[in-house]
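Colleague: Next up is a structure, given as structure tokens.
The values are calculated or read from the model by the stated rules, or taken from the named source; none is laboratory data. Quantities reported herein were computed from a predicted structural model and do not represent experimental measurements. All Cβ positions, glycine included, derive from the backbone under ideal geometry; neighbour counts span all protein chains shown. For the accessible areas, the whole protein counts, side chains as well, though only heavy atoms, and no ligand, DNA or RNA atoms are used. Shrake-Rupley method; radii C 1.70, N 1.55, O 1.52, S 1.80 Å.
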Amino acid sequence: MSAPHLPKVAGIDPAVTASPHTVAPTPPPTAVSTSTSPRAVHAPAQGPAASSVIQDRLAGMVSDLTTLHELTERLARASDLTASLQEFLRAGAALVGARRGLIVLEPSDGLGPTTTIGLGLGHADLGHIETVPRSATSYGRILDGLPDANGGSEVLPEPGTTAGAGGDGYATPVDPRHREVAARLGYAASYALPLTAEATGRLGAAVWLYDEQAEPSDRQRDLAGLYVRHAAEHLARMLEVERARSSLATVAEELLPSRLPRIPGVQLAARHHTGPHGGGDWYDALPLPEGALGLAVGSVTGSGPSAVAAMGRLRASLRAYAVMEGEDPVAVLSDLELLLRLTEPARSATALFAYCEPAGGQAGGQTGGPAGSRGRKLILAGAGHTPPLLIGERRTEYVETTLSAPLGMLSCWEAPSVEIEPAPGETVLLYTDGLLRRTGDPMDRAYARLHAAAAGIPRSAREDPAAICDHILRTVLPDGDGDGPALPADASEDIVLLAARFE
């Protein structure tokens, strides 16, 4: 007698047929209990119920691992330290079931930065919390390294009672100021954890706040502990990056003028934003002999410490050349090109230098009338640099400088200069191409956007070059605010603006 074939499923023959001699499995023996002994012995549960429990546990573990993976992936995508701290707070609140919290960054090496970031807490709320004696808070004890500084739950009992044991079994009386602030902000319990990285040691502490007297479950504690251990290492890396960026930005700022000179008949203002990698954009305004003025902007290729160092050398050299032969901007840039080609042959740079004649006449003592009777004449030369923008009541136009290659790209650089004579009340704006590139638009559209922003400067702001620079930044760049643009964190370009208003 032939064995019957299994039915086809979805039109596919089964790969293995059943054997005719296969014996049906016997059901497992049921648990047997006897009542002959006062302590009855029960066999362990078997069968479908035990399998279902195991499957539920496995499903829970898979769900927890998936959640941790998603949260750590989101943390890894944070671009800087502040964004990482905010993402860490949000993820931790979701894991422990809280709605609000704060993180205090206070590295144990004392090198900073120190900051406090809140989740669901405003600046005023954080100010109230800071009035509580630090030793009276769970995160404060962590920061101060007190004996009970392992973190855990802290429940604020009703007045007249003593705080119960926290997550680690310690009991602490509630400080009156702590109780007052908790009542004002509407939280009744907290859960704090230390932030410690293997390479840097203590980074700070995080605390999440509960609206009611509650604490995380054992499962939530385990998940939060795993996440915090991973997040602390990420925050330590972001901290080192932030320190490097801050140091580089400080060096770049120190290489630029600490203040602008005061020249009769000219108002000056400058704005400088360093990219996260540290670029080589620079500006300068220096008084020259016989009441003349020199204005310069430039950009060195590359980024990082080497570009910042090259920028400092180039700016210092231009100052020397401007003092010696500033009346001829072409000669100044020619000398600068020769220096760059000899000292750093693998680097190029763009630059623009403008020589502003003394008020009321020519350099060298030749006067054309009393001071202020005529506009100041500017002689400009550019080497691959963006053209200046002339801003006034009656005109807003680019100054057509001659087309020339950047410094360091030709065996011998030289190009003719151009002359302009701004009318009283007009402003000459010098800038680097980072202002155009940060718009994210093609260069022709970026130039048009800059021109439109300059033409739309309110009349009340035209008399102040600083207000002109701020208006340009707010209008040209995306995500601007009242004090200037919120520059994108991933923007690598420096921005330099130098405005000179002539009276």
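Colleague: Taking R0 as 45 Å, what's the FRET efficiency between D441 and A199 from their Cβ-Cβ distance, rounded to 0.05?
Modeller: The formula returns an efficiency of 0.60 here.
Colleague: In Å², what does the accessible area per residue of the stretch 52-100 work out to with a 1.4 Å probe?
Modeller: 57
Colleague: Then there is this: Of G275, P287, Y321, which is farthest on the positive side of the dipole of the stretch 273-350, counting Cα position, with +1 on Lys and Arg Cβ, -1 on Asp and Glu Cβ, and the Cα centre as origin?
Modeller: Of G275, P287, Y321, it is G275.
Colleague: Note down the nm distance, to one decimal, between modelled labels 7 Å out along Cα→Cβ at M61 and at A244.
Modeller: Using points 7 Å along Cα→Cβ, the separation is 3.9 nm.
Colleague: Can you tell which of S404, S417, I391 lies farthest toward the positive end of the dipole of the stretch 375-433, using +1 and -1 charges on the Cβ of basic and acidic side chains (Lys, Arg; Asp, Glu)?
Modeller: The residue sitting farthest along the positive end of the dipole is I391.
Colleague: Report the extension gain between D109 and T402 in nm, rounded to one decimal, defined as 0.36 nm multiplied by the number of residues separating them, less their alpha carbon distance.
Modeller: 100.1 nm
Colleague: Restrict the search to the stretch 73-128; then list the trypsin sites (Lys or Arg not before Pro) that DSSP places in a loop and that have at most 14 other Cβ atoms within 10 Å of their Cβ.
Modeller: Hits after loop and neighbour filter: R77, R99.
Colleague: Across the stretch 62-78, in residue order, what do the Karplus-derived ³J(HN,Hα) couplings come to in whole Hz, using 6.51 cos²θ - 1.76 cosθ + 1.60 with θ = phi - 60° and x for Gly and Pro?
Modeller: Ordered by residue, 3J(HN,Hα) equals 5, 5, 5, 5, 5, 4, 4, 4, 5, 5, 5, 5, 5, 5, 5, 7, 5 Hz.
Colleague: Another question, then. More than 24 angstrom separation, counting every C-alpha pair in the stretch 181-268; what % is that?
Modeller: The calculated P(r) of the stretch 181-268 puts 53 percent of pairs beyond 24 Å.
Colleague: Let me ask you something else. With +1 on each Lys and Arg Cβ and -1 on each Asp and Glu Cβ, how big is the dipole of the stretch 221-295 about its Cα centre, in debye rounded to the nearest 20?
Modeller: So the magnitude is around 260 debye.
Colleague: Then there's this: Any idea how far the Cα center of the stretch 306-327 sits from the one of the stretch 85-153, in Å?
Modeller: 47
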